[in-house]
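Here the structure comes first, spelled out in structure tokens, and everything after it is commentary.
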Amino acid sequence: MKPRLYLETTIPSYLVARRIGSARISADQQTTQHWWDLRRLEFDVFISELVLDESASGDPFMAAARLEKLVSLPQLAQTHAVDLLAQRIIEGGSKAALSRSLLRRMPPISRSPQFTP
């Protein structure tokens, strides 16, 4: 069984963002693209409604590009455990520490996306 990975909004944002002059951001974008192309399939990747909502906001062209990257990923059902996961990620940035009890309470992942861009 592959490790499960919750994909937050930074990843699709970096995948489709216009390249800018900052060396740090450019390196992050390249690293993200490398992971997406070569490592993503090593994980069972899933998203939540929060990721879809954030990805759909902003410039309509960029939002459509972000949603296109997410269309094939399974979406967690909206439950209290998922809300807790989202809250911990918001509070702790992308380095949220998740307790084992929270992970055990997470619902099964839907294998068919629950949205269409």
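The values are calculated or read from the model by the stated rules, or taken from the named source; none is laboratory data. From a predicted model like this one, the values you see are computed outputs, not experimental measurements. Counting neighbours? That spans all protein chains shown, and the Cβs are built from the backbone with ideal geometry, glycine included.
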Looking only at residues in region 59-89 that are under 24 Å from residue 37 (Cβ atoms) and small (Gly, Ala, Ser), which one is surrounded by the fewest Cβ atoms within 10 Å (Cβ to Cβ)?
72
Can you say whether residue 81 is touching a Pro at 6+ places or on another chain (Cβ under 9 Å) and free of Cβ contacts under 8 Å to residues at least 24 places away in the same chain, as far as the supplied structure shows?
no
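Name the residues in region 1-57 that are assigned to a helix (DSSP H, G or I), among the aromatic types (Phe, Trp, Tyr) and closer than 15 Å to residue 73 by Cβ, would you? It would help to see each step written out before you state the result.
Filtering region 1-57 down to residues assigned to a helix (DSSP H, G or I) leaves 10-16, 23-38, 40-42, 49-55.
Subsequent filtering for residues that are among the aromatic types (Phe, Trp, Tyr) retains 14, 35-36.
Matches in region 1-57: 35, 36.
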Give the residues of region 19-48 that are closer than 16 Å to residue 69 by Cα, exposed (fewer than 14 other Cβ atoms within 10 Å of the Cβ) and aliphatic (A, V, I, L, M), sorted by residue number.
38, 41
Selection count, region 1-18, where residues are surrounded by fewer than 14 Cβ atoms within 10 Å (Cβ to Cβ), within 23 Å of residue 43 (Cα to Cα) and charged (D, E, K, R):
2
For region 22-34, state whether one or more residues are modelled with pLDDT of 90 or more, under 24 Å from residue 2 (Cβ atoms) and over 15 Å from the mean Cα position of the chain (by Cα).
yes
